[in-house]
Amino acid sequence: MSSVDSEYGTVVDIEFWKFASGLTSPRMHFFIDRNSRQPRYGCPKSIPRSIPNSIPNSIPLVSYLKALMSTSPMEKPNGERKRPMLLEHFKGTVSTPADTDTYRIDRWASQETLKAAYVVYPVDAADISLAIKFARTQTMSLAIRGGGHNSSGASSSEGGLVIDMRKMNSVRVDKEAMVGYIQGGTTVSQAQAELLTHGLATPLGHGGTVGVIGLAIGGGLGGSMGEHGLACDNIVSATMVLASGEIVHVSENENSDLLWGIKGGGSNFGVIAELGMRLHVPPPELYIIQLVYLPEQLPALVAELNAWLKVQTPQESLFLIMALGPDGTPVIALNGLGNFSAEEGERLWNCFLKLGPIVQKTAQIPFSKRTMLIDEVPVLEGPKITLGCHVNNFDYETVKKSYDTWLGLAGSAPRSLFLYEFYHYDLPSHVPLEAAAYPHRTKDYVVAILVQGFSDVGFVQEARKAAERLKECISSSSTESAKNSVGYINYADHLAADNTTDANARRAYGTNYPRLQQLKRKYDPEMVFNKWFCIRPSEIA
């Protein structure tokens with residue numbers, strides 16, 4: 001360490017390799033302002049870089065400067081808390097466990113509520129860059145919270161730093177280009193509401209509280225995919241912050257390899273500050289059905305669904321749900337969402353009404369209410385486990401066996417359920433596998449498993465094993481590729497989080513994995529972003 005006095009104050013030069021990890025130079029200069037006596041990163045240009053190799057004992061702030069390297073916030077003489085130096089120019093909010101009014105670590109799945117050392121709330125890409133650099137200099141684990149709507153733990157960090165994107169939730173629209181620019185903390189309901197003020201929409205999921213970015217970069221299933229494709233296939237650009245802290249723009253003409261990678265490759269390459277998505281004009285209204293059947297009606301319902309699947313139109317989506325009713329009685333629900341009029345819906349779905357459901361609700365709703373089928377269901381507090389699987393053989397025997405397996409699980413986790421998602425998969429399946437990182441281009445149906453209704457966190461591991469057993473049962477009569485699939489990657493939470501090896505990432509991405517490894521080597525060779533299907537760089541794979 002060495003220093004020199006100048007008309008500006010004292011400049012301290014520290015050569016400290018670990019502290020400078022991830023920065024442009026291992027040599028850092030700290031300017032201690034003569035008036036405020038506060039350290040500043042950088043060095044006035046008028047001060048020569050050649051600094052004597054000794055430190056006068058009279059410098060009073062050397063120990064204070066050393067303290068700035070610690071991860072603990074310091075107090076000013078007046079008792080106020082001071083931010084760490086590298087976050088001094090952070091425009092958003094910086095919080096620690098002591099900041100009870102701003103420190104938010106709650107998650108949709110309570111078992112993933114981990115105590116971070118810092119939670120920061122950026123307001124722009126520059127803030128994100130500062131947060132990444134700070135986390136790296138402190139060798140802190142880094143997590144990104146978009147919507148926080150998963151059970152993998154990818155958005156949480158025990159003792160690390162969480163970049164909580166919730167303050168970045170604005171949407172802007174370029175009507176001429178038909179592109180919507182959606183910030184990284186925007187939820188589906190927020191994006192949908194703003195886009196509709198322009199009479200426009202983009203392919204999104206059915207849960208209003210889900211984050212748009214996580215949904216889209218993990219694939220993005222939804223009711224409009226039959227006509228407009230997956231959410232990831234509608235990504236046209238992005239503003240990203242890389243592991244180095246560099247802010248880059250991504251499009252077909254700029255960093256196009258990253259555009260390929262974020263179309264299904266998840267959070268492996270950086271933090272997305274803003275995503276550009278292709279827009280379309282939505283129908284003014286939708287038609288919905290909510291039907292409930294008794295378990296003994298399952299054979300007839302499966303037969304009718306198989307007949308319907310042969311003539312399904314791109315505007316139709318149905319969801320077959322196995323769950324316990326309010327009184328604890330097993331029921332089978334069929335929800336439907338159609339991008340058409342009530343008259344058309346009654347014609348297409350009358351076959352299910354003829355089966356005699358014990359509960360029957362049909363309605364024409366405005367497009368703005370499209371997430372109501374999920375949003376009207378109260379969020380259950382407590383631990384949650386999600387998992388997905390693929391099926392390409394929907395036969396009664398397997399469905400019944402899966403139903404019985406689920407009933408056994410419901411004894412320990414009574415709010416658990418599983419549902420078949422019958423979207424129209426033709427358009428997404430016609431996109432070549434190599435056109436984007438997203439790995440599932442077959443017409444296999446997606447099944448979602450949700451284990452919940454238990455309070456003992458100690459049951460989480462058993463719940464995951466139970467979900468795996470149910471997954472195996474559901475796909476047991478399908479092809480080997482479906483059986484071996486991790487399922488829809490946005491549902492494969494605990495598989496995505498098991499990053500002790502890259503076995504699950506290889507399994508998830510298949511033939512696209514080597515190209516993803518090359519991108520990892522180029523943009524994140526030190527695996528700073530390692531919370532979700534962490535891809536190993538090709539050089540150390």
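Please tell me if Phe459 is part of a loop (DSSP other than H, G, I, E, B), under 19 Å from Pro414 (Cα atoms) and open to solvent by 10 Å² or more (accessible area, probe 1.4 Å).
no
Tell me which residues, restricted to the stretch 489-534, are aromatic (Phe, Trp, Tyr) and either touching a Ser or Thr at 6+ places or on another chain (Cβ under 7 Å) or assigned to a helix (DSSP H, G or I) (or both).
Tyr491, Tyr509, Tyr513, Tyr523, Phe529, Trp532
I'd like the residue in the stretch 437-456 that is aliphatic (A, V, I, L, M) and over 15 Å from Arg415 (Cα atoms) and, out of all such residues, is surrounded by the most Cβ atoms within 10 Å (Cβ to Cβ).
Ranking the qualifying residues of the stretch 437-456, first place goes to Ala437.
Of the residues that sit in the stretch 367-387 and are part of a loop (DSSP other than H, G, I, E, B), among the aliphatic types (A, V, I, L, M) and open to solvent by less than 90 Å² (accessible area, probe 1.4 Å), which one is farthest from Trp406 (Cα to Cα)?
Once the filter is applied, the top-ranked residue is Val377.
Test of understanding: among Pro326, Pro283, which residue is out of contact with any Asp or Glu (no Cβ under 8 Å at 6 or more places or on another chain), assigned to a loop (DSSP other than H, G, I, E, B) and modelled with pLDDT of 95 or more?
Answer to the selection: Pro283.
Does at least one position in the stretch 189-198 carry a residue that is more than 15 Å from Arg278 (Cα to Cα) and open to solvent by less than 20 Å² (accessible area, probe 1.4 Å)?
no
Every residue, every condition in (1) over 16 Å from Gly223 (Cβ atoms); (2) surrounded by 20 or more Cβ atoms within 10 Å (Cβ to Cβ); (3) modelled with pLDDT of 95 or more, yes or no:
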{"position": "Pro299", "(1), (2), (3)": "yes, no, yes"}
{"position": "Glu304", "(1), (2), (3)": "yes, no, yes"}
{"position": "Val311", "(1), (2), (3)": "yes, no, yes"}
{"position": "Gly336", "(1), (2), (3)": "no, yes, yes"}
{"position": "Phe340", "(1), (2), (3)": "no, no, yes"}
{"position": "Glu344", "(1), (2), (3)": "no, no, yes"}
{"position": "Pro357", "(1), (2), (3)": "yes, yes, yes"}
{"position": "Ile365", "(1), (2), (3)": "no, no, yes"}
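Quick check, is Ser256 farther than 24 Å from Tyr121 by Cα, surrounded by fewer than 24 Cβ atoms within 10 Å (Cβ to Cβ), over 21 Å from the mean Cα position of the chain (by Cα) and small (Gly, Ala, Ser)?
When the stated conditions are applied, Ser256 passes them.
Of the residues Leu301, Leu309, which is without any contact (Cβ under 8 Å) to a residue 60 or more places away in the chain and of a type in the set (A, V, I, L, M)?
Leu301
Name the residue, out of Gly180, Gly219, that is closer than 21 Å to Arg370 by Cβ, in contact with a helix residue (DSSP H, G or I) (Cβ under 7 Å, 6 or more places away or on another chain) and assigned to a strand (DSSP E or B).
Selected residue: Gly180, the only one of Gly180, Gly219 that is closer than 21 Å to Arg370 by Cβ, in contact with a helix residue (DSSP H, G or I) (Cβ under 7 Å, 6 or more places away or on another chain) and assigned to a strand (DSSP E or B).
The values are calculated or read from the model by the stated rules, or taken from the named source; none is laboratory data. What you see is a predicted model; the values in this text were computed from it and never measured. For neighbour counting, all protein chains shown are included, and Cβ atoms are generated from backbone atoms with ideal geometry for every residue, glycine included. In case anyone asks, the SASA skips ligands and DNA or RNA and just uses the protein heavy atoms, side chains included. Shrake-Rupley method; radii C 1.70, N 1.55, O 1.52, S 1.80 Å.
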